[in-house]
Amino acid sequence: TCPKNPGLYLLTSKDKAGAMKLLYNIVSQVAANNCYTDVKMVFIYNERSVEDRQSWDFARWLPHSWSEDKKTRYLASSKDEAADIFYEIASIMRIRGEEKKDNVGDKKILPKPYYLLFVRDSELLEGQLISKYVFDPKPEYGLTTFIMSDKYTDLPNECENIVQWDEYYSGMFDATDIGSKKKDVVFD
């Protein structure tokens, strides 16, 4: 079945250390429990130091980070590299958006492969065609995006679902529903 809201966004404290731990947890669980033909993972970061490269280097070893035709590795360390990957993913999302939706009763079938997009800085999405699909997610796209941020106020306004893991809070909440309760989580 399709998720109610396919967009999910990360929040953490200084230097995004908590977000990286969450990213490692999410990626390892997805990779261990899903075939690379069913789930593709896209990793976009801005390499500013050797530490950045070392933090994201693990992704190159995942079969989930290759395009279906095995010609493109979904790992970019700069805005220029990301533009090529974003163009390819946006083309897939456009085709999926134009296709008729397959409905089985009230349940919608998720497209395969499903895409998970991990973005270290939201500035990498600025001016990119993929932004349309990231910030206005629809289940038929088969795309969930994780954006990392140092603080809540730095996230794009479209971010609704927040996962926070820092010295102040560990859990999830809906930023658009002030009356909703936070869901405390003890992360692995």
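The values are calculated or read from the model by the stated rules, or taken from the named source; none is laboratory data. Because the structure is predicted, anything quoted here is derived from the model rather than measured. Counting neighbours? That spans all protein chains shown, and the Cβs are built from the backbone with ideal geometry, glycine included. For accessibility, only protein heavy atoms count, side chains too; no ligands or nucleic acids. Shrake-Rupley method; radii C 1.70, N 1.55, O 1.52, S 1.80 Å.
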Spacing of the two label points (7 Å from each Cα toward its C-beta) at K132 and D150, in nm: 3.3
Cβ charges +1 (Lys, Arg) and -1 (Asp, Glu), total dipole of the range 110-188, debye: 320
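Quick one: longest stretch of the chain between exposed loop trypsin sites (Lys or Arg not before Pro), exposed meaning at most 12 other C-beta atoms within 10 Å and loop per DSSP?
Of all site-free stretches, the longest is 101-150.
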MRE, 222 nm, helices only [DSSP H, n ≥ 4, -39500 (n - 2.57), over the chain, to nearest 500]: -8000 deg cm²/dmol
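Within the range 11-87, report the GluC sites (Glu not before Pro) that DSSP leaves as loop and that have at most 16 other Cβ atoms within 10 Å. Walk me through the numbers before you get to the answer.
Values: sites: E47, E51, E68, E81; in loops: E47, E68.
Loop-located and lightly packed - E47, E68.
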Answer label, with percent of Cα pairs over 27 Å apart calculated from the coordinates and candidates (1) 49; (2) 38; (3) 25: (3)
Mean accessible surface per residue for the chain, computed with a 1.4 Å probe while every protein chain stays in place, in Å²: 56
Accessible surface of the range 26-74, 1.4 Å probe, proportion on carbon and sulfur as whole %: 48
Spatial separation of Cα centroids for the range 110-132 and the range 59-78, in angstrom: 14
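Count neighbours as other Cβ atoms within 10 Å of each site's Cβ, and list the chymotrypsin sites (Phe, Trp or Tyr not before Pro) in the range 34-85 that are DSSP loop with at most 15 such neighbours. Each step should come with its number before you reach the end.
Values: sites: Y36, F43, Y45, W56, F58, W61, W66, Y74; in loops: Y36, Y45, Y74.
Passing sites in the range 34-85 are Y36.
Taking the Cβ of V30 as the centre, find all other residues whose Cβ is under 12 Å away and add up their charges (Lys, Arg: +1; Asp, Glu: -1).
Value of the local net charge: 0.
To the nearest 20 Debye, how big is the dipole of the chain about its Cα centre, given +1 on the beta carbon of each Lys and Arg and -1 on that of each Asp and Glu? Kindly include the intermediate steps, with their values, before the conclusion.
Details: 26 positive and 31 negative charges, 109 e Å.
With Lys and Arg at +1 and Asp and Glu at -1, about 520 debye.
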Antiparallel bridge percentage (DSSP; both residues within the chain; nearest 5): 35
Farthest toward positive dipole pole in the chain [+1 Lys/Arg, -1 Asp/Glu at C-beta], among M148, I130, L62: L62
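Starting from the Cα-Cα distance between A17 and E123, subtract it from 0.36 nm times their residue separation and give me the gain in nm to one decimal. Before the final figure, lay out each step's value.
Numbers: separation 106, 0.36 × 106 = 38.16 nm, distance 1.84 nm.
Fully extending the segment from A17 to E123 adds 36.3 nm.
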Nitroxide proxy distance, nm - points 7 Å out along Cα→Cβ at S28 and A83: 3.6
